[in-house]
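Each remark here refers to the structure printed beneath this line.
Since every read-out is calculated from the coordinates, none of them should be taken as a lab result. Since we're looking at a predicted model, the values are computed, not measured. Using ideal geometry, Cβ is built from the backbone for each residue, glycine included, and neighbour counts are taken over all protein chains shown.
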Amino acid sequence: MTSEDKPKEFASLDDAIDWQTHSYFSRILNKQSFWVFIAAAIACLALAIVTDTFATPQNLFNVTRNFAFVAIVALGMTVVIISGGIDLSVGSTLCLSAMVLAILMNAGNPLWLSALAAIASALLVGLVNGLLIAYLRIPPFVVTLGMLSLARSAAMVLSNNKMVFQFGPDEKLLFWLGGGSSFGIAHPVIALVLLALLTGFMLKWTRWGTHVFAIGSNERAAGLTGINVLGLKVSVYMCSAFFAGVAGVLEAGWLGGVTTNLGQSMELSVIAASVIGGANLMGGAGTVFGSVVGAALIEVIRNSLILLGISTFWQGAFVGSFIILAVAFDRLRALRDESR
Amino acid sequence: MSVLRLEWISKHFGAIQALEEVSLSLEPGEVLGLMGDNGAGKSTLVKIIAGNYRPSDGRIYIGDVQKDFHHPIEARESGIEIVYQDLALCDNLTAATNVFLGRELTRSFGPFRVMDFGSMNAAAAKLFKELKSETRPKDLVRDMSGGQRQAVAIARTRLASAKIVLMDEPTAAISVRQVAEVLNLIRELKHQQIAVILISHRMPDVFAVADRITVLRRGRKVADKPVSETTPEEVTGLITGAIQAA
Ligand SMILES: Nc1ncnc2c1ncn2[C@@H]1O[C@H](COP(=O)(O)OP(=O)(O)OP(=O)(O)O)[C@@H](O)[C@H]1O
Ligand SMILES: [Mg+2]
């Protein structure tokens, strides 16, 4: 609460109700995603001035496409984190989905069928995660850590740990889907925009979204209102797996080949993107915009290190600092709120 | 006719006997003050009525019908609402969203059903007004005072046209001004012919709004009398055991 929040005399109850606590501006300033956005914008601006390689259409195209995969998976991760959970298996799920796609297409199946099967395999991973977490009450960290290992192993078994780089009759279509562009925008970026809008809509405008926020903040209270907490949890992990599955299909098309180390340790960048964007690992908070901006910031940092000729070994240091900074920012704000 | 009747309710948790053969009845529009020392069994009793626990023994009648609740939702469907000791609200949601949580209003948007925030905010504003509370529907519960949180929790109970509202220590841990607010909320419920069970350790609050006082001691009912026929001193004696029964 702000200091102007202290009791005032109101002419009527209606005045009191209409009286807005926060101005629109102060509300924006309080949003972590806004500050991350500013940070990313400043980084871009500085790079555009310092280097003559950053602001080229080709580089911008590459940057946006590169972060699209992390950002798509981060959308699902954000939903999981809002619900109070975590999903460490997204990188492996992405790999499994890409591998199922690759093997089926390699065997001569059409793209649509293979993509459906790929996403179905991802959804199955999410379903197993969700059932174990919701019904057996095994901590999400443990279940998805196990699944991280399991799903990647499944991809290895399926492919006999070989790289797949021939995709049958629909190969061109797949490469166009993941590696092509329309209106000068890379297809993964278009997919990201559409999926981000969808996720934002679901979180803000559906009962499902409200319930995800509710269980993240107070699971018991949510259960007492009659919300189906267990089913909701399963849906949340399936949502995360779905986004990983979609990203897997797109990334297979972009790379033009699938190996079993695809998406390895991707969960770290994905969680980092969500957290930098304001998702609270304790649950109950997170935004779509924030996670996309968080993913963008990570990629801009990576890109800038390359352009500035700094060793990419430094990337981890920057991303790590940003994670800690983002959480520290949140803590400071909470402390300030408490001290009022 | 009574809205609620309990007959010989007992409850044990393993070896702990939390309630022993408690009987009770409640009229429409009646406010019952439920008092007793820490661990006397007050919360357990209201949680049994609200369907959180099943009694080990005894019967519950709502109106004339015997009930056996397995889940809080079944109790709510019978017109029983409970305001928990810890309120059970979601801090990160607005007052209006909390009021409607689990029974949100929606409208159609193309093929979808979307949240109807406008209607929910308006309806919540109306409820807060009925309760004469200065609670703003769009404020986050996180930023609210204890009294406003109580108003949100109580407004929830008003949605379902409850017949019985159970309140577990609604005046603990809030300021004097807010206590007055909550007591007014209770009077407002009574005025609308809703029966209330009020658990409180605060003697003045109970004497201010209750029609009748029931005292539990170590899981047993030791007194049940109209407020006009007892005094704070007597009730204190009953709670501590200085007076055996009345
Ligand atoms: N879920 C439970 N499992 C085991 N024992 C319980 C449980 N709930 C309550 N008890 C025990 O039952 C007894 C009555 O507890 P209850 O919470 O009803 O007391 P209370 O009158 O509400 O006390 P307070 O004033 O402190 O809220 C206590 O001894 C308590 O430890
Ligand atoms: Mg209690």
Q) Do we have B:Leu166 as crowded, with 21+ Cβ neighbours inside 10 Å and part of a helix (DSSP H, G or I) here? A) no
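May I ask you to list the residues in the stretch A:256-270 that are in a helix (DSSP H, G or I) and either surrounded by fewer than 22 Cβ atoms within 10 Å (Cβ to Cβ) or in contact with a Leu (Cβ under 8 Å, 6 or more places away or on another chain) (or both)?
As a first pass, look at the stretch A:256-270 and keep what is in a helix (DSSP H, G or I): A:266-270.
Within the stretch A:256-270, A:Met266, A:Glu267, A:Leu268 meet the criteria.
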By my count, strands (runs of 3 or more DSSP E) wholly in the stretch B:1-87 with at least 2 residues that are away from ligand 2 (no atom under 16 Å from the Cβ) and surrounded by fewer than 19 Cβ atoms within 10 Å (Cβ to Cβ) are B:4-13, B:16-26, B:57-62, B:65-67
Restricting attention to the stretch A:186-242, the residues that are within 13 Å of chain B (Cβ to nearest Cβ), among the β-branched types (Val, Ile, Thr), in contact (Cβ under 8 Å) with a residue 12 or more places away in the chain and part of a helix (DSSP H, G or I) number exactly 3
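Filter the stretch B:44-57 for residues that are away from chain A (no Cβ under 14 Å) and closer than 19 Å to B:Val196 by Cα; which is nearest to ligand 1 (Cβ to nearest atom)?
Quick first cut of the stretch B:44-57, residues away from chain A (no Cβ under 14 Å) only: B:44-45, B:48-49, B:54-57.
Right, trim to closer than 19 Å to B:Val196 by Cα and you get B:44-45, B:48-49.
On the way: B:Thr44: 3, B:Leu45: 7, B:Ile48: 10, B:Ile49: 12 Å.
The selected residue is B:Thr44.
For the stretch B:12-25, give me each residue that is in contact with a Ser or Thr (Cβ under 6 Å, 6 or more places away or on another chain) and more than 14 Å from ligand 1 (Cβ to nearest atom).
Once the filter is applied, which keeps residues that are in contact with a Ser or Thr (Cβ under 6 Å, 6 or more places away or on another chain) and more than 14 Å from ligand 1 (Cβ to nearest atom), the stretch B:12-25 yields B:Glu21, B:Ser25.
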Of the residues in the stretch B:167-184, those that are away from ligand 1 (no atom under 16 Å from the Cβ) and either touching a strand residue (DSSP E or B) at 6+ places or on another chain (Cβ under 7 Å) or within 14 Å of another protein chain (Cβ to nearest Cβ) (or both) number 7
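Count, please, the residues in the stretch B:209-241 that happen to be over 20 Å from B:Gly29 (Cβ atoms) and in contact (Cβ under 8 Å) with a residue 12 or more places away in the chain.
First pass over the stretch B:209-241, keeping only residues over 20 Å from B:Gly29 (Cβ atoms): B:215-223, B:230-241.
The next check asks that each one be in contact (Cβ under 8 Å) with a residue 12 or more places away in the chain; those that pass are B:215-223, B:230, B:232, B:234-236, B:238-241.
Going through the stretch B:209-241 one residue at a time, the tally reaches 18.
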Counting only residues in the stretch B:90-121 that are part of a helix (DSSP H, G or I) and surrounded by 23 or more Cβ atoms within 10 Å (Cβ to Cβ), the one nearest to the other protein chains (Cβ to nearest Cβ) is identified as B:Thr97
When the stretch B:122-166 is checked residue by residue, the ones that are within 16 Å of the chain's Cα centre (by Cα) and at the interface with chain A (Cβ under 9 Å from one of its Cβ atoms) are B:Arg156
Pairing a residue in the stretch B:32-43 that is under 21 Å from B:Ala208 (Cα atoms) with any residue that is within 6 Å of ligand 1 (Cβ to nearest atom) and part of a strand (DSSP E or B), where Cβ atoms lie under 8 Å and the two sit 6 or more apart in sequence or on different chains, gives B:Lys42/B:Gly36
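Give the stretch A:60-87 a look and list any residue that's within 11 Å of the chain's Cα centre (by Cα) and polar (S, T, N, Q), or say none.
Let us first name the residues in the stretch A:60-87 that are within 11 Å of the chain's Cα centre (by Cα), namely A:67-81, A:87.
The answer is A:Thr78, and nothing else.
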Exception for B:Arg5 within (1) within 16 Å of ligand 1 (Cβ to nearest atom); (2) among the basic types (Lys, Arg); (3) touching a residue at least 40 places away in the same chain (Cβ under 8 Å) falls at (1)
